[in-house]
Every structure is written in structure tokens, then in C-alpha cells.
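Please read the structure below before turning to the comments.
The values are calculated or read from the model by the stated rules, or taken from the named source; none is laboratory data. All values derive from a computational prediction rather than experimental measurement. Note that each Cβ is placed from the backbone with ideal geometry, even for glycine, and that neighbours are counted across all protein chains shown.
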Protein chains: 2
Amino acid sequence: MEKLTGNCVVAQSGGPTAVINASLCGVVQEASKYPEIKRIYGAHNGILGVLLEEFYDLTAQPAEKIEALKRTPSAAVGSCRYKLKDPEKSKADYERIMEVFKAHDVRYFFYAGGNDSMDTADKLVKLAAEMKYDIRIMGIPKTIDNDLAETDHCPGYGSVIKYLATSVMEAGRDTESLYTSDTATVFETMGRNAGWIAAGTALAARSRQDAPHLIYLPEVPFSLPKFIEDVKGVLRELGRCFIVVGEGLVDDRGQYVTAQSTGFAVDAFGHRQLGGVGELLQQVVEKEVGVKCRYNRLGTCQRQAIHFASLTDSKEAYMAGVAAVRQAVHGKTGFMISLVRASEDPYKCTTGLATLRDVANGEKKVPRNWINAAGNFPGADFISYARPLIRGEVRIQVGDDGLPVFVRFEKNFIPKRTGRDYKPGG
Amino acid sequence: MEKLTGNCVVAQSGGPTAVINASLCGVVQEASKYPEIKRIYGAHNGILGVLLEEFYDLTAQPAEKIEALKRTPSAAVGSCRYKLKDPEKSKADYERIMEVFKAHDVRYFFYAGGNDSMDTADKLVKLAAEMKYDIRIMGIPKTIDNDLAETDHCPGYGSVIKYLATSVMEAGRDTESLYTSDTATVFETMGRNAGWIAAGTALAARSRQDAPHLIYLPEVPFSLPKFIEDVKGVLRELGRCFIVVGEGLVDDRGQYVTAQSTGFAVDAFGHRQLGGVGELLQQVVEKEVGVKCRYNRLGTCQRQAIHFASLTDSKEAYMAGVAAVRQAVHGKTGFMISLVRASEDPYKCTTGLATLRDVANGEKKVPRNWINAAGNFPGADFISYARPLIRGEVRIQVGDDGLPVFVRFEKNFIPKRTGRDYKPGG
């Protein structure tokens, strides 16, 4: 294996998570060990930072600040939802990226993101090969949605379900103690096309008394009459009902159940931005079942809750960052680091390699046989799968004022070298 | 002071909080110390449990389970929103309560709740005096809304704002890292008529960079044009905007800004059940300001978040329970325990006594001069007031499965003694 010497760029993309900075920390700490990696740059706002030539100099950051990334949620160097055009239609962005990489002697590029980011990374690998520019490009998995192909699970997922299961336990006690007036609660989770997040709240239900009592996932076509019957059944049994719904519920024609509502924007990737199914079903419960119903929607709080994040998840996110650097230094390019469940009991997780092409735009859903026959709760196989992912708690720093302490990088970007401005999408 | 011997009933009422069980724990542990208090009963579902003669025997519970109440959110013996009729119109419920108290030789009644509960307790004090039934009735303050009169602050408040400020910090980092696409966020808090909860999120803003950037309270008439200008101003300055809104925002005619929306139920106390202002303003930002906006609504999760609750708050909730028992044993009746800020720096809190009549249906709002002139952020006086209330973290128990462990009482009620069934509201 030929030693490749030059600078390194790390970028974060898409919806940030509580532990994506643990991956960033892993990249920086591991990359610092290899003399062939000269300086470590953080692209400001994902691939936009490359296009605009805006780089944080992470090599210049104090070691304590890099270490503190493990307890700082969201993307410390910034993220974006920018999607590069299909290179068949316009190669401008890709060529700009290569121009910037060359100008800064970037020989290593680490991209933490989801399906779309792996697609971008894959296209960059191909372009670099065409241009005979020697660079090693590695993907680092990142998504609370847990829907990436080729990996057992995704960094970010364990933390979101640990926090949501805890929140369901807590809000469940609210419903339990106040059931004579506030009898039902609908709890809406993220998860656009896959129900992994909603399913994860099942971990809260240690007994039949515990919330949640019903969980609906996008994997099972949603039927309003059946939903109403389900809720009535739980009310007859327990006198209260706590319902978890994934935001992307669809009917038997594949239409979002919120499709008749208005105001849903379409994000830059062409996906529908959902929201509102919780409120919709709260109204259904009040009108059709006839009990008072509340709804909770934790929104972006759920994916950033480092204050009760999974230590297992954080360590795996870190490990994925470390592995990406190690593999690249040892000659690999064009892969995403995958998480491999090496052992079930005791749970043990190692890393593997998945080709970016296989991951790009792939999508992994909750298998139908991991959901009960009634389609309203995950089954034992899912529970076994999810349980080890939420163990342990990230130890955050709490200030004298009783609130967490996070780090933030000053926006002192390294000097530009390409000598021209660029407008993304050009 | 005459020694009064008999049994004791403790009840929890209204919307539960993360620390109302700490007050319950304080009552049980303190009451156990006095030989004149024979047995300690927990009324199932607040005053409903008295009317229906459903009592947990808390004396029979293991000491560890009582201690574990400090780390169990919501009302462990159940709560309710049941409002007794005006005794001028019907005394049936009041007479039933006295019947049950007599049958069970109840000589101490501790009622943890908000304004309405103190009103109920006050009426019971008067009725008992009329009937010459010797009983000591004490109120224990409980409301996340922090709107009770005659007390510096209310148990439950410190925990809700500690958790919400933390959630705002975390979601604020989401907005900060993704501002090129998801530029604004609206974060809706509870707080029906008073803005204490929304105001408390100001503690998250240690610097101008930090969320939240704008906070709107029901105390200041809400103007949509001014709101839009405020948001545009923050966007010009920072490129992103994080907005906190209390659920009960009103316009300059005192109308809820959500009044044109439909579906708001009226709860049993005749208050409007609010919700939806977050979504409304999210749509306003998208349409009128023209940037993508998310909204978060933590709902009942906010008031039960024992996993990141304020230790100061929990200790004060416990102290209020203890003080209620101590004062009653020493002859007091007809008072609510108040929290008294004995010292500012270092912060020190003691208990005092407020007459139930003064507290009943009183309401304390955020003073206008504790809010900035623009009406869009709390001022320094509020910050000084709120800061000490969130210090320290309640240490919860986390199971091997990575989730909190709470306690639950079996529904084994003590035998009935009145020999008749009763229908509340009769």
C-alpha cells in the first residue's frame, strides 16, 4: 500500500444527530496520529463548505475542545441539505470540489451523512478516478432514521430511541396519573419512510401497564377504522391509551395519511417534509373515540438530546470515525464504514466496509415480520435488535448554572487558495 | 397546642410534575415520625379518590419504594382535574368528603396542587369548621406554571425550565448547524396564562449566538407584524432564528392568537386547552418571512422530565411536603406551604405559610418590567430570579436496559367504611 500524503477534510451532512460530533472527534483524533495526514480541515456546512472553500482548521483546535465534541450535539462544523446535481446534467459542482481539493492538497475526504451523502461521495470517487487525482474518500454512517443499507444499525439511532423511550415512559406516567381527564396521548416521532425510530419506543414498555400501548410504523399501511378499534380496545383494557406514531404513516395506496393537510414543504432532496400526523390522530381520537387526547411532538429535540444519549451509540459513532481514517490511511477509498454486530450476547459491535454505491440511496425498513400481526407494535425480534443500542449514558458537562456546556468553533476559516468565488449549483 | 390523633390523607391534583412525588415522599416520610398520625393514605386520583373512597395504604409500602418517589415523575397515587361544584349550589361532594374523612378517622389532609386545589382545600377547611369536625388541612404548592400567588416560586417550575432550557440549547444547535436549509425553529412551551415557563428558556442563552433569540409571553400582547419584523431582524443579524412561544399568547384584545383555529377543548375547570400556536407561527414564518421553519412541542414530556430535573426543585418539593406535615402536627390548618427566598446570594430557600384563601384562584404573572421593552425577551431581573432554581440534577436510577426505573403502587385500596357508593358531582 502506497503512502498518500496531504491534507484531510471532514464534513457533516443532513439532519444532525446527538453523536455526529463523536464521529468528528474520532476522525480528528485518529487522523492526528498519522504523519502523512498534514492538516485536518472541517468543511463549514457540509459539502457547501467545500464548494465555498470555507474550512475550519481543526488541527489548530485545543485537544480539550476536540474531546468535548463527544458531549456536544449537532454538527459542530455545520451541516447542509444541499444536493449536488446529477453529474450527467451538470458537473460544475463536482469539478469545483476537485478544484478546491487540489488547491488545498486534500488527499483524504471523510463524509458523515445518510443515503444522499454516500451518493455524493460515490460520485466524487468516480470523478477523482477519471481525473486521476489521488484521493481517498470514505463515508461515515449518520442517521437517526437507521435506514442505511449495508450496516447493522446507524450511529445516532441508539441515542434517539433511548431519549424517546425515556420521554415516552415519562409522558406515559402523565397519561397514567391523569387518565380520568386526559385519557389518551399521541406521541409523534421522526422517521420519514422507515419506522425504526417509532419502533424503538417499544423499549419503554417493560410491562403491559407501561406506555406505549400502540405503535404505528410507515411499514404497515395505516387504516383509520382499525386505529380507532385498537385505541378503543386499549381503553377498555387499561382505561387509558398511549400511542406512538412515526411521522410518515401511509395508507394502503401509499399516500401519506396527512396528505389532505396543507403546508408540507418539499426539501431540497425532493422528499416531503412531514409533520402533523400526531395532531391529526389526536383529533381523530377526540372525535371518533370520544376521549380527551394530548399530543407531543419532540421535533428536532429528539435528535439532539445529548443530555440523555446512549453511550453505546456515542462510542460506535466515535469508532466509525476512527475506522474511516484508519481504513483510508491503509489505502481504502469508496467505502462507508459499516457497523457489524459481532456478537449478540454479550452484544459486541465492530466495523466493516460497505461500498458507497451499495449504500447510496439504499433504504432499509423495519422487516414486516419484526412487527406483530396486527401491525400495531414491534415484535420480539425487533426488541432483541434494539435493546443493546441504548445502553449506558453519555456523560455531559453541566455548568454551575445547571445547564449543559457545549463547544463551538470560531468561524476563522483557513485562507482561500483557488483564487475565485463560486456559486453552488452553477 | 392540642395533639390531634388520627389518620392522614395525601392527594395530588391537576397536571402532574416531575417532582410532585418528591412532595408526596416528604409527606409520607415526615408523617411517619409522629405517633399521633396513625396511618398514611394516598387518595387515588386526587379528590376523586376521597369521593370514591379509594385509598392506597402508604404506611404499608416499603421504605425504599417511598424513597424512590423522588426519582419517579408524575402523580404516583394518581391525579385528576375534577372540580367540586360551588358549595352555594351543591354541597354534596363536600359532605361526602367529610363523611369519608369521618369514616376513616382522617385528621390530616394534605393536598398538592395549584390554584383550584387550594380553593377546594379552603372550602373544606370552612366546612369542617362548620361541622365542628377537627381536621387539619394543608396545601402543598405544585405547578409547572409557577403562577401561584403568595409563594416565591412553585415546585415543578425549576425542573420544567431546566429541561426546556436544555432542550432549547440542543435544538438550537440543530438550527445553528442546518441554517442554510432549516433556518428557523419555533419552540412551543406550556403556560396557559402566565409566561414563566417560556421565559425560563432564556437561561439557555448564555451568549447572543445561543438559542433562544426571541421569547414571546402571554403577558405581552402579541402583534403579528412586530413578530415578523423581530424574526427578520434576527435573521439579518445571525442568519438563523430560534423562537420560543408560550402556548397562551394573546393579541391586544386579549384573544388567543390561535382563536381562529378550531379544535380547542375546554377542560373541566373551564380553562381553554391550548396548543397549536407553535404550528401557527411556524406557518407564519414560512409564508411571511420566507424561510423554512420547524416547530417543536414537547407537550406533557416537559413536565415529567425527571431524567434531567432540577435537584434544587426536587429538594424544595420534598421540603414543602415535610413542612406541610410539620405545620399541621403543630396545629396549623388552612394554609398552603409557601417557598420563601431567604437569601439571594448564596440562594437559600425556606418555607412559609400562606392562607389558602389568598392563594385560591390567585394568579401571578411575569411582571412587565421583567420583560424587555420590545416585549420579546425576559430581562435581567427575571434571569436573576430563575437562575438558582435549576441548579443540580436529580439522580435517577437507570436499569441495565439503559432506561429509567420508576416505581408504581399496586392498586390495593384499603377497605371501604362508609357502606355506600357515591357518584361524584351528585
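Residue by residue, here is whether (1) buried (at least 22 other Cβ atoms within 10 Å of the Cβ); (2) touching an Asp or Glu at 6+ places or on another chain (Cβ under 7 Å); (3) of a type outside the set (Ser, Thr, Tyr); (4) within 14 Å of B:Phe242 (Cα to Cα) holds:
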{"position": "B:Val160", "(1), (2), (3), (4)": "yes, no, yes, no"}
{"position": "B:Ala171", "(1), (2), (3), (4)": "yes, no, yes, yes"}
{"position": "B:Thr175", "(1), (2), (3), (4)": "yes, yes, no, yes"}
{"position": "B:Tyr179", "(1), (2), (3), (4)": "yes, no, no, yes"}
{"position": "B:Gly195", "(1), (2), (3), (4)": "yes, yes, yes, no"}
{"position": "B:Thr201", "(1), (2), (3), (4)": "yes, no, no, yes"}
{"position": "B:Arg208", "(1), (2), (3), (4)": "no, no, yes, yes"}
{"position": "B:Leu214", "(1), (2), (3), (4)": "no, yes, yes, yes"}
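I need the full set of residues from region B:71-91 which are at pLDDT 95 or above and more than 7 Å from chain A (Cβ to nearest Cβ), in order please.
Across region B:71-91, the qualifying residues are B:Arg71, B:Thr72, B:Ala76, B:Val77.
Pick from A:Ile97, A:Ile66, A:Ile20: which is surrounded by 20 or more Cβ atoms within 10 Å (Cβ to Cβ) and touching a strand residue (DSSP E or B) at 6+ places or on another chain (Cβ under 7 Å)? Before you say what the answer is, go through the steps one by one.
Numbers: A:Ile97 fails: touching a strand residue (DSSP E or B) at 6+ places or on another chain (Cβ under 7 Å); A:Ile66 fails: touching a strand residue (DSSP E or B) at 6+ places or on another chain (Cβ under 7 Å).
Within the list A:Ile97, A:Ile66, A:Ile20, the selection yields A:Ile20.
How many residues are touching a Ser or Thr at 6+ places or on another chain (Cβ under 6 Å) and buried (at least 24 other Cβ atoms within 10 Å of the Cβ) when one looks only at region A:100-121?
Total satisfying the criteria: 5.
Run B:Ala103 past the list (1) more than 14 Å from every other protein chain (Cβ to nearest Cβ); (2) over 25 Å from B:Glu130 (Cα atoms) and report the number of the one that doesn't hold.
(2)
Within region B:201-214, track down each residue that is under 27 Å from B:Gly254 (Cβ atoms) and within 11 Å of chain A (Cβ to nearest Cβ).
B:Thr201
So, in region B:162-187, of the ones that are of a type in the set (Val, Ile, Thr) and under 19 Å from A:Lys411 (Cβ atoms), which residue ends up farthest from the other protein chains (Cβ to nearest Cβ)? First the steps, then the outcome.
Quick first cut of region B:162-187, residues of a type in the set (Val, Ile, Thr) only: B:166, B:168, B:175, B:180, B:183, B:185-186.
Those still in the list that are under 19 Å from A:Lys411 (Cβ atoms) too: B:175, B:180, B:183.
Values: B:Thr175: 7, B:Thr180: 5, B:Thr183: 11 Å.
Selected residue: B:Thr183.
Do any residues in region A:165-187 that are without any contact (Cβ under 8 Å) to a residue 40 or more places away in the chain have Cβ atoms under 7 Å from those of residues that are aliphatic (A, V, I, L, M), where the two are at least six apart or on different chains, and which pairs are they?
These pairs meet every condition: A:Glu170/B:Ala305; A:Glu170/B:Ile306; A:Ser177/B:Ala75; A:Thr180/B:Leu48.
Say we look at region A:381-407 and pick out the residues that are at the interface with chain B (Cβ under 7 Å from one of its Cβ atoms) and in a helix (DSSP H, G or I); which of these is nearest to the chain's Cα centre (by Cα)?
First, pick out the residues of region A:381-407 that are at the interface with chain B (Cβ under 7 Å from one of its Cβ atoms): A:387, A:390-393, A:398, A:401-404, A:406.
Filter once more, keeping what is in a helix (DSSP H, G or I): A:387, A:390.
Details: A:Arg387: 18, A:Ile390: 15 Å.
Only one residue tops the list, namely A:Ile390.
Out of everything in region A:402-415 that is crowded, with 16+ Cβ neighbours inside 10 Å and not β-branched (Val, Ile, Thr), what residue ends up being farthest from B:Thr201 (Cα to Cα)? So that I can check it myself, show each step before the final result.
First, the residues of region A:402-415 that are crowded, with 16+ Cβ neighbours inside 10 Å: A:402-404, A:406-407, A:409, A:413-414.
With the extra rule that they be not β-branched (Val, Ile, Thr), the set shrinks to A:402-404, A:406, A:409, A:413.
Working: A:Gly402: 13, A:Leu403: 11, A:Pro404: 13, A:Phe406: 16, A:Phe409: 23, A:Phe413: 32 Å.
Filtering first and then ranking leaves A:Phe413.
Any idea which of A:Glu150, A:Glu130 is among the charged types (D, E, K, R), in contact with a strand residue (DSSP E or B) (Cβ under 6 Å, 6 or more places away or on another chain), more than 27 Å from B:Val405 (Cβ to Cβ) and away from chain B (no Cβ under 14 Å)? Give the steps one after another, and end with the answer.
On the way: A:Glu130 fails: in contact with a strand residue (DSSP E or B) (Cβ under 6 Å, 6 or more places away or on another chain).
On inspection, the qualifying residue turns out to be A:Glu150.
Of everything in region A:348-357, what is over 16 Å from A:Ser23 (Cα atoms) and under 18 Å from the mean Cα position of the chain (by Cα)? Give them in sequence order.
If the condition is that a residue be over 16 Å from A:Ser23 (Cα atoms) and under 18 Å from the mean Cα position of the chain (by Cα), then A:Ala354, A:Leu356 are the ones that fit.
Quick check on this structure: which one of A:Leu311, A:Leu356 is touching a Gly at 6+ places or on another chain (Cβ under 9 Å) and closer than 30 Å to B:Ala165 by Cβ? I'd like the intermediate steps shown before the answer.
On the way: A:Leu356 fails: closer than 30 Å to B:Ala165 by Cβ.
Unique residue meeting the criteria: A:Leu311.
Given the criteria over 27 Å from A:Gly392 (Cα atoms), hydroxyl-bearing (Ser, Thr, Tyr) and touching a strand residue (DSSP E or B) at 6+ places or on another chain (Cβ under 7 Å), does A:Thr185 qualify?
Numbers: over 27 Å from A:Gly392 (Cα atoms): yes; hydroxyl-bearing (Ser, Thr, Tyr): yes; touching a strand residue (DSSP E or B) at 6+ places or on another chain (Cβ under 7 Å): yes.
Yes: the conditions hold for A:Thr185.
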